[in-house]
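The structure under discussion appears below in the form of structure tokens.
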Amino acid sequence: MSAFRRTVTVRLKPDTTDLPLLANPRPTRYAVSVSNGQGETDGAVKERVKVEKKDPTLYKVVLLNDDYTTMEFVMHVLETLFQKSSAEAYRVMMQVHLNGSGIAGVYPWEVAETKVDALTSLARAAEYPLRAAIEEA
Ligand code: TYC
């Protein structure tokens, strides 16, 4: 038996199967190539309705406090990954330090996930236990 334990974190996007359909899907015109077998088309244009599938839900990246990550490193992460000014990075870092958590940013799902992955990689490389969670905004 291995002496090492591997922790696998799986973040599940909240259920989005019953997203409401848009009330007025915008018709999109597609140029349809109808070939006569000799590389020519008759110029036909067909109208179809394209339903917008992008998830409009926004998610908070919530930074979590710990006792070991330095304040400077947290500010560096906020400035570089979350585009904060140094004043705003200081404010968010102190909010986390004093209250346990704070919002680093609000993004669509894929962006939030990518930010958390990048934060986790930076923290790991610097050997800090800094972590962040994702919450529905
Ligand atoms: N509590 C840490 C310290 O005193 C600073 C810190 C702030 C750590 C914010 C993590 O998300 C964090 N060095």
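The values are calculated or read from the model by the stated rules, or taken from the named source; none is laboratory data. Just so it is clear, the model here is predicted, and its values are computed rather than measured. In this analysis, Cβ positions are derived from the backbone assuming ideal geometry, glycine residues included, and neighbour counts consider all displayed protein chains.
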**Prompt:** Mind checking which pairs have a first residue in segment 126-137 that is part of a strand (DSSP E or B) and a second that is modelled with pLDDT under 95 and surrounded by fewer than 16 Cβ atoms within 10 Å (Cβ to Cβ), Cβ under 8 Å, 6 or more apart or different chains?
**Reply:** 134/11; 136/14
**Request:** Find the residue count for segment 51-76, including only residues that are closer than 19 Å to residue 122 by Cα and either assigned to a helix (DSSP H, G or I) or more than 20 Å from the chain's Cα centre (by Cα) (or both).
**Result:** 12
**Message:** What pairs come out if I take residues in segment 97-108 that are of a type in the set (S, T, N, Q) and pair them with residues that are outside any strand (DSSP E or B) and within 10 Å of the ligand (Cβ to nearest atom) whose C-beta lies under 7 Å away, six or more apart or interchain?
**Reply:** 101/65
**Request:** Sort through 55, 67 and tell me the only one that's away from the ligand (no atom under 13 Å from the Cβ) and of a type outside the set (Lys, Arg).
**Result:** 55
**Prompt:** Scanning segment 77-113 for residues that are within 13 Å of the ligand (Cβ to nearest atom) and closer than 13 Å to residue 133 by Cα, which turns out nearest to the chain's Cα centre (by Cα)?
**Reply:** 104
**Request:** With respect to residue 89, determine if the residue is touching a Leu at 6+ places or on another chain (Cβ under 6 Å), part of a helix (DSSP H, G or I) and in contact (Cβ under 8 Å) with a residue 40 or more places away in the chain.
**Result:** no
